[in-house]
Amino acid sequence: MQDTMSSLRTVADECHVRAQQYSTFIQEYKNQAIMLSDVFELISLSFRQISLSYSITQSQLSSFHALTKEMWNLTAWYQEYYLAYCDLVLEFHRRNQVRKAQKKWLENVTLELDKMYNDELSIRRDFVENLGKYLPGDLCPQVHVSRLFGKAFVDYNG
């Protein structure tokens, strides 16, 4: 019985040692679990901040793309404005040339019409002066002989 008791005591001592080891292990496990929980909480907080930063970055990137597009549109508009301005100067020059040509043409036509008018007036005067005195005044109402002034008055409707 003593041997049994001694063997029970040895087993009890071993159980006690193992219980102490398990208690130490559990305590260490609890400490590490608390540390891991804190680490996971920090990781979770970091992921939320990264996610928020990502959302803000995406929003800013979208705004940047919109502003870049607007800038390129504005640049294109100013390039077209520059070209239009250059063409405007050329257009003014072209219009001035056309106006000068039209004015010159009109002056030439006016001179030619004046010459034709004066030639026709001279021919009609010659006719009235040379032959009009032999024609009765009511024969051709378009041609009148003015005896008061000695000049022919020509009605240009006929």
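The values are calculated or read from the model by the stated rules, or taken from the named source; none is laboratory data. These numbers were taken from a predicted model, which means no experiment stands behind them. Don't worry about glycine lacking a Cβ; one is built from the backbone with ideal geometry, like all the others, and counts go over all protein chains shown. Ligands, DNA and RNA are excluded from the accessible area calculation, which covers all protein heavy atoms including side chains. Shrake-Rupley method; radii C 1.70, N 1.55, O 1.52, S 1.80 Å.
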Any chance region 7-27 includes a residue that's over 60 Å from the mean Cα position of the chain (by Cα) and aromatic (F, W, Y)?
-> yes
Taking the residues in region 29-45 that are of a type outside the set (A, V, I, L, M) and open to solvent by less than 100 Å² (accessible area, probe 1.4 Å) as candidates, determine which candidate is farthest from the chain's Cα centre (by Cα).
-> N31
How many residues, within region 46-90, are of a type in the set (S, T, Y) and either outside any helix (DSSP H, G or I) or open to solvent by less than 80 Å² (accessible area, probe 1.4 Å) (or both)?
-> 10
Quick check: anything in region 129-146 hydroxyl-bearing (S, T, Y), open to solvent by less than 70 Å² (accessible area, probe 1.4 Å) and touching a strand residue (DSSP E or B) at 6+ places or on another chain (Cβ under 7 Å)?
-> yes
